[in-house]
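Note sheet for the following structure.
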Amino acid sequence: MQCIKVAKKDAQKVKEMLMAKKLFALGYAPVSGRDYIYFPVIKEVKGYTLVDKKILPTKKEELDLGSYDHIGDIVIVGEDVSEIEAKKLLKRPNVKVVLRKKGIHHGEFRTQDLDYLAGEKRKETVYMEHGLRMKLDVEKCYFTPRLGTERMRIAEMVESGEKVLVFFSGVGPYPLVLAKYSPASFILAVEKNPVAHSYALENCKKFPHIVLYNLDVKEFSYPEKFDRIIMPHPSAAEEFLSIALKHLKKNGVIHFYTFAADTELPEKPVNLIRTKVPIFKVLSVVKCGQYAPKKYRVCVDFTV
């Protein structure tokens, strides 16, 4: 099959270009070599030489819903899924919209561009988690359904009367789960994205002990300190550790999220904390789901 040869360092940029210009041969998987990736294309691509490679069709099992983010009645599929394949997903229960990723999460709000692929033309949905209703726009708000078990794990650790601070709270999943399933007396959540904050206000309105701030974490201040702080921003949470420490009670607990490979555990996430926190005690290091091949979202629970 016709392919273009691309250096791995340029792979994501070139893939986004191919998808945007509709040159990527959908339904086929790229082939990865040592230093290059070979992208299947439907015709010649300016600036690249065509080469012949044995390319396999995308495996049918990859269209299993478990392979993609299923948020409410919206399914978000990978860039290599074709419109024909997407329409098959509409036959599944509770699937009314199929959207396709365009590149990776980007910007200060970690949002992701999405194309309509099949079904109803909308990007807003209602997601249910542990009996809690969360309304959101999946393109304008960062959200992952893959942390449902992790959110409940944290709720079960909270002790009676605790005051909990949630940084990067998005549309409110952590505050909601804590409000319903933990004995916390007060939950304060901080989110900079005004769209996500607006959804959080609607989602959390039934719980009077949740207070929501639409604010950059770096500008956050509060007169009281907290028993527990949750930091679900795995790509840059270490940048905010010094702020978290200012708002933590003595012997309080921080839940710090980052990414790490199996071979980097537990040293890498613990060393990230050590760059900002000289003295602390690790309570546990927990893998919270696979983020990429051999790479995991990790939570370090520690006390100061």
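Nothing in this text is a laboratory measurement; each read-out follows from the coordinates by a stated rule. Everything numeric in this text was worked out from a predicted model, so none of it was measured. We place every Cβ from the backbone using ideal geometry, glycine too, and count neighbours over all the protein chains shown.
Roughly how many debye, to the nearest 20, is the charge dipole of the chain about its Cα centre, given +1 on each Lys and Arg Cβ, -1 on each Asp and Glu Cβ, and no other charges? Walk me through the intermediate numbers first.
On the way: 51 positive and 38 negative charges, 89 e Å.
Result for the chain is approximately 420 debye, rounded to the nearest 20.
About its Cα centre, what dipole magnitude does segment 223-296 give when the only charges are +1 on Lys and Arg Cβ and -1 on Asp and Glu Cβ, stated in debye to the nearest 20? Before the final figure, lay out each step's value.
Values: 12 positive and 7 negative charges, 38 e Å.
Computed about the Cα centre, the dipole is about 180 debye.
Provide the net charge surrounding GLU124, with neighbours chosen by a C-beta distance below 12 Å and charges set as Lys +1, Arg +1, Asp -1, Glu -1. Before the final figure, lay out the partial values.
Details: positive: LYS96, LYS121, ARG122, LYS123, LYS135, LYS140; negative: ASP73, GLU120, ASP137, GLU139, GLU202.
Net charge in that neighbourhood comes out at +1.
So what is the relative contact order of the chain, in percent, for Cα pairs below 8 Å that sit 6 or more residues apart? Don't skip to the answer; put the middle values down first.
On the way: 608 pairs, mean separation 30.2, N = 304.
Relative CO of the chain lands at 10 percent.
Test of the criteria: in segment 129-234, which GluC sites (Glu not before Pro) are in a DSSP loop and have at most 12 other Cβ atoms within 10 angstrom of their Cβ? If you can, show how the numbers build up before the last one.
On the way: sites: GLU129, GLU139, GLU150, GLU156, GLU159, GLU162, GLU191, GLU202, GLU219, GLU224; in loops: GLU139, GLU159, GLU162, GLU224.
Sites meeting the loop and neighbour criteria: GLU159, GLU224.
Nothing charged except the Cβ atoms of Lys and Arg (+1) and of Asp and Glu (-1): what's the magnitude of the dipole of segment 60-122 about its Cα centre? Round to the nearest 20 debye. Please list the in-between numbers first.
Details: 12 positive and 13 negative charges, 59 e Å.
In debye, rounded to 20, segment 60-122 gives about 280.
Please order ASP10, ASP80, ASP262, ASP301 by the number of other Cβ within 10 Å, starting at the fewest.
Working: ASP10 12, ASP80 21, ASP262 9, ASP301 18.
Sorted ascending by nearby Cβ count, the order is ASP262, ASP10, ASP301, ASP80.
So how much slack lies between GLU120 and ALA292, counting 0.36 nm per residue of separation and subtracting their Cα-Cα distance, in nm? Provide the component values of the computation, followed by the final result.
Details: separation 172, 0.36 × 172 = 61.92 nm, distance 2.92 nm.
Using 0.36 nm per residue and subtracting the Cα-Cα distance, I get 59.0 nm.
What net charge do the residues around LYS163 carry, taking every other residue with its C-beta under 9 Å from that of LYS163, with Lys and Arg at +1 and Asp and Glu at -1?
Details: positive: LYS225, ARG228, LYS249; negative: GLU162, GLU224, ASP227.
So the surrounding residues net to 0.
Taking 0.36 nm per residue of separation and subtracting the Cα-Cα distance, what length does fully extending LYS91 through ALA236 add? Please list the in-between numbers first.
Values: separation 145, 0.36 × 145 = 52.20 nm, distance 3.87 nm.
Length gained, LYS91 through ALA236: 48.3 nm.
Could you tell me the distance between the Cα centroids of segment 123-191 and segment 3-48, to the nearest Å?
Centre-to-centre (Cα) distance: 38 Å.
Take every Cα pair under 8 Å in segment 80-165 that's 6+ residues apart, average their separations, divide by the length, and report that relative contact order as a whole percent. List each step's numbers first, then the result.
Working: 90 pairs, mean separation 17.2, N = 86.
Once normalised by length, the contact order is 20 percent.
So if R0 is 22 Å, what FRET efficiency would LYS54 and ARG34 give, r being the distance between their Cβ atoms, rounded to the nearest 0.05?
FRET efficiency, LYS54 to ARG34: 0.85.
Of [x] 1.24; [y] 0.94; [z] 1.10, which one was derived for Cα Rg over 2.2 N^0.38 Å from the structure shown?
Looking at Cα Rg over 2.2 N^0.38 Å for this model, the match is [z].
For segment 239-304, what does the relative contact order come out to in percent, with C-alpha contacts under 8 Å and a separation of six or more? Don't jump to the answer; show the numbers that get you there.
Values: 96 pairs, mean separation 28.5, N = 66.
The value is 43 percent.
So what is the calculated 222 nm ellipticity per residue for the chain, using -39500 (n - 2.57) for each DSSP H run with n of 4 or more, over all residues, to the nearest 500 deg cm²/dmol?
Values: 7 runs with 60 residues, N = 304.
Taken over the chain, the calculation gives -5500 deg cm²/dmol.
Once both labels are modelled 7 Å past Cα along the beta-carbon direction, what's the ASN214-MET157 spacing in nm?
According to this spin-label approximation, the distance is 3.1 nm.
Could you tell me which residue out of VAL45, GLN112, PHE143 lies farthest along the dipole of the chain toward its positive end? Charges go on the beta carbon: Lys and Arg +1, Asp and Glu -1, centred on the Cα centre.
Of the listed residues, the answer is VAL45.
Can you give the net charge of the other residues whose Cβ lies under 9 Å from the Cβ of PHE256, counting K and R as +1 and D and E as -1? Present the calculation step by step, with values, prior to reporting the outcome.
Details: positive: none; negative: GLU238, ASP301.
Around PHE256, the surrounding residues sum to -2.
Got a sec? How would LYS46, LYS96 order by Cβ neighbour count within 10 Å, fewest to most?
Details: LYS46 6, LYS96 14.
Ranked by crowding around the Cβ, least crowded first: LYS46, LYS96.
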